[in-house]
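A short write-up of the structure that comes next.
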Amino acid sequence: MAVHAMCVLSFRSPHLSSAVFVGENISVNPLIVKRIIGAMVKAGLAEAVLGARGGYRLARPAEVVTLWDIYYAIQGSGPFLKRHGMPESNCDEGRAIDRVVHDLYTDLDLVVETRLKRVTLASILQSAMKGERIQLL
């Protein structure tokens, strides 16, 4: 949803888009849109203009906003490591396994981050217009 909302803002940039407009375009309740774009504003990816004629717009060019930027604004970290957390183990083997799994998840998060940093909002919109698939690998 966050990527879709940001694509709507990108497509309409530099014009302002209301949460209602974005919500109608991505089939999501405007309150959810406000929460999603609020995270983008906090991350410096979008701007909020208050008032009766206010709305949202991109704070940076679509060519520099990456999928990682959007993912990180919503999730705060990679998908694997934050799910890791075995209970403290009283045995040496349990602690060793925990370290190995932690290192593995750290490496996986780095792979995800590296791949998502290769894709920008601009490239998503270009691929969508052409009906092409974006290759991450």
| query | Among Ile26, Ile124, Ile97, which comes first, then next, by fewest other beta-carbon atoms within 10 Å? | reply | Ile97, Ile26, Ile124
| message | For a quick check, take a GNM of the chain with Cα springs below 10 Å and name the residue from Ala48, Ala96, Ala19 with the largest mean-square fluctuation. | response | Ala96
| task | Identify which of Ser13, Ser123, Ser27 has the largest mean-square fluctuation in a Gaussian network model of the chain, with springs joining Cα atoms closer than 10 Å. | result | Ser27
| remark: Exposed-loop cut sites defined as GluC sites (Glu not before Pro) in DSSP loop states with at most 10 other Cβ within 10 angstrom; longest site-free run of the chain spans 1-87
| task | Report the charge-dipole magnitude of the chain in Debye, nearest 20, computed about the Cα centre from +1 at each Lys and Arg Cβ and -1 at each Asp and Glu Cβ. | result | 700
| Ranked highest first by the average count of other Cβ atoms within 10 Å around their residues, in what order do 101-112, 34-45 fall? | 34-45, 101-112
| said: For the chain, set up a GNM with springs between Cα atoms under 10 Å and report which of Gly94, Gly55, Gly78 has the largest fluctuation. | reply: Gly94
| remark: Stretched fully, the stretch from Val111 through Lys130 gains (0.36 nm per residue minus C-alpha distance, one decimal, in nm) 4.1 nm
| said: Of Gly78, Asn90, Ala5, which is farthest towards the positive pole of the chain's charge dipole, taken about the Cα centre with +1 and -1 on the beta-carbons of Lys, Arg and Asp, Glu respectively? | reply: Ala5
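Any read-out appearing in this document is the output of simple, stated calculations on the displayed coordinates, not a laboratory observation. As the structure is a computational prediction, the values presented were derived from the model and not from experiment. A quick note on method: Cβ atoms are made from the backbone with ideal geometry, for glycine too, and the neighbour counts reach across all protein chains shown.
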